[in-house]
Structure formats: C-alpha cells, structure tokens
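Heads up, the thing below is written out as structure tokens.
The values are calculated or read from the model by the stated rules, or taken from the named source; none is laboratory data. Note that this is a predicted model, so its numbers are computed, not measured. Cβ placement follows ideal geometry from the backbone for every residue including glycine, while neighbour counts extend to all protein chains displayed.
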Amino acid sequence: MANPIKCDAASNPPVGVATPKTISMYVGNPPRELMIFTGTAVFDWKSKAKLDRNEVVVNLGATSTEAFQSTSTCSLASFSNTDSEMIFAVDASWVVRRADDAGLELHANIAVQGNDSVLNRISYHVQVLTDPVIAKISGTIRWNKSLGDPTEAAKGGANMFRVAAGNLVSVPASGGGFGSTKWVEAASTFTTAAPVQSGDFWAVAYVLENVPLSQQFNVVPALLDGVLTSVIVPYATFMPAPRYVELTPNDPTATGVDFEMIAGQGVR
C-alpha cells in the first residue's frame, strides 16, 4: 500500500479538506462532551486498471481523553472514469487518538479500480463522545501576616488576587528604533476561596482554567487593592518568578503551582 494520504482540517487554511466544520456540546449526567465533525477530504487517488488501495488520514483538530467513543461515516463525494470497468470504494472508517498529543484523527480505507480512474473526494461525518479535557493550573498563594491580614470581606471569599498565564512577546520596531515587548495573556482568574491562617502565614487557593495546551506560559499572580487591613511594605512581589508551566493533552492539569508574596521595593 502507498503512503497514507494526509489531510488537516485544523490548519489555517485547511490542507486537503473542504469546508471543515465542528460543533460540540455537553450531554448526559455526569456531563460528557459530544463533538461532531464534518467535511470533505480532497485528493486524487488514481488507478491504472488494478484495484489500488490506500488510507486517508484526516486530522480533526481536537483532543480527547483515553475514554472516548466514536462513530464515523465516509461517503464517495467525487470520482471520475474514462470508458472502462471501474470500482470506487470506501471500505471502512474509524477514529484514532494519537498517543503523542491525544489528537483525534479520522482514518478511512479507500480503493479504486479502472483504467485512468480517479477518486477525488470523500465526505465524512464523525461523532466523538469523550470526557472533557479540563486544562487547569492550581495552587496557593501565601504571605506572612506581617504584610497584612485579610479584610473581613476577603475573609468571606472576596477576590484577593488575580492570577494570569501568559508571556512577554517581542514587538518589532516600526519606522526604526528599538523594538519592545508586551504581555499577552492566555487565561486569567481571580481567587474566590476564603484565606486560611496557619501559624504566621495566611494562604488562599486559586484555580486557573481553560489554559491552552502544548504551550509554555508564565503564571503571574497580582495582589488586588484594598484586600489587606494593613500593608507594611509599599510593594509586593511573588516568588518564585518567573514560574513557567506547560500543559499537554496527556497531562492537562498542574497542581501545586504555589507562590509566596514577599516584601518588595519601590513605589506600588
């Protein structure tokens, strides 16, 4: 068999796929994610009288946990033939979860027979039912009580810190001169848990969800104004810094990403 025909519905623009579409919804209790993929794989698979087989692989552009179920249908969408006996077939189709990045692929076995016969396109319809992939980073932010106690509102669960995941991105100079950098966020959240005191330290938990996968981000907390009864230091900083985290489809959560707020220098 020849090398598989590779198509990518997720690239921009799509490669070898016409009008790829995806919808998703949550069904059942407990909820599971139902994803539906449609499109038309575009290629030219030719036969010279023999029954020539090949495999079409379509990257669907989604990830899944190992616990997934799927159905798929592939249909002949376009073919051509000069005057001869011919066979055009889609023999089977199935969905595969890649081991390296948990990406979903559609595989279809095709066959063509006939003098100068060409199979040009197959349309596909795929349904995948999976446990949702929840990408999140969690941890605690603690500080010595000498920096200040939480206000009564903060003790009741009011926002105390903002936590963001992002990176500094270089911006090229325009019209000469030097370039610059800017902070680009991928996800952010506010703490909502009530702070807990243990000995000389206060601590509050955070959970940062919907962090993009397979990218490294710097996790950065920030203290909000007016949430401590007294702030002895004019500026607060957080250690360790920087704190880089990368989530993957096979490992979409990171726990224990903790910080300590300490006395800094300068004007806040």
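Is it true that Val126 is closer than 22 Å to Lys21 by Cα, surrounded by 18 or more Cβ atoms within 10 Å (Cβ to Cβ) and out of contact with any Leu (no Cβ under 7 Å at 6 or more places or on another chain)? Can you show your working first?
Working: closer than 22 Å to Lys21 by Cα: yes; surrounded by 18 or more Cβ atoms within 10 Å (Cβ to Cβ): yes; out of contact with any Leu (no Cβ under 7 Å at 6 or more places or on another chain): no.
No: the conditions fail for Val126.
Taking the residues in segment 157-187 that are within 22 Å of the chain's Cα centre (by Cα) and among the β-branched types (Val, Ile, Thr) as candidates, determine which candidate is nearest to Val220 (Cα to Cα).
Val163
Give me a count of the residues in segment 235-259 that are surrounded by 14 or more Cβ atoms within 10 Å (Cβ to Cβ), under 28 Å from the mean Cα position of the chain (by Cα) and either at pLDDT 90 or above or not in a loop (DSSP other than H, G, I, E, B) (or both).
Residues flagged as surrounded by 14 or more Cβ atoms within 10 Å (Cβ to Cβ), under 28 Å from the mean Cα position of the chain (by Cα) and either at pLDDT 90 or above or not in a loop (DSSP other than H, G, I, E, B) (or both) within segment 235-259 amount to 10.
What are the residues in segment 203-255 that are in contact with a Phe, Trp or Tyr (Cβ under 9 Å, 6 or more places away or on another chain) and within 27 Å of Gly103 (Cβ to Cβ), if any?
Pass one, segment 203-255, residues in contact with a Phe, Trp or Tyr (Cβ under 9 Å, 6 or more places away or on another chain): 203-204, 206, 211, 216-224, 227-228, 236, 238-241, 243-247.
Answer for segment 203-255, where residues must be in contact with a Phe, Trp or Tyr (Cβ under 9 Å, 6 or more places away or on another chain) and within 27 Å of Gly103 (Cβ to Cβ): Val211, Gln216, Phe217, Asn218, Val219, Tyr244, Val245, Glu246, Leu247.
What strands (runs of 3 or more DSSP E) completely inside segment 115-234 contain at least 1 residues that are at pLDDT below 90 and assigned by TED's automatic domain parsing to the domain that holds Thr73?
Numbers: elements: 115-130, 136-144, 161-171, 180-190, 196-198, 201-209, 215-223.
Result: 115-130.
Quick check on my filter: what residues within segment 1-39 are part of a strand (DSSP E or B), surrounded by fewer than 13 Cβ atoms within 10 Å (Cβ to Cβ) and free of Cβ contacts under 8 Å to residues at least 60 places away in the same chain?
Applying the first criterion (part of a strand (DSSP E or B)) to segment 1-39 yields 5-8, 15, 17-27, 32-39.
If we keep only those that are surrounded by fewer than 13 Cβ atoms within 10 Å (Cβ to Cβ) too, we end up with 19, 21, 23, 25-27.
Within segment 1-39, Thr19, Lys21, Ile23, Met25 meet the criteria.
Does segment 40-48 contain any residue that is more than 13 Å from Leu106 (Cβ to Cβ), of a type in the set (Gly, Ala, Ser) and either part of a loop (DSSP other than H, G, I, E, B) or without any contact (Cβ under 8 Å) to a residue 24 or more places away in the chain (or both)? Even if it seems obvious, please write down each step before you answer.
So in segment 40-48, the residues more than 13 Å from Leu106 (Cβ to Cβ) come out as 42-48.
If we keep only those that are of a type in the set (Gly, Ala, Ser) as well, we get 47.
Subsequent filtering for residues that are either part of a loop (DSSP other than H, G, I, E, B) or without any contact (Cβ under 8 Å) to a residue 24 or more places away in the chain (or both) retains none.
No, that holds for no residue.
Of the conditions (1) more than 30 Å from Gln113 (Cα to Cα); (2) outside any loop (DSSP other than H, G, I, E, B), Leu60 clears all except one; give me its number.
Every condition holds for Leu60 apart from (1).
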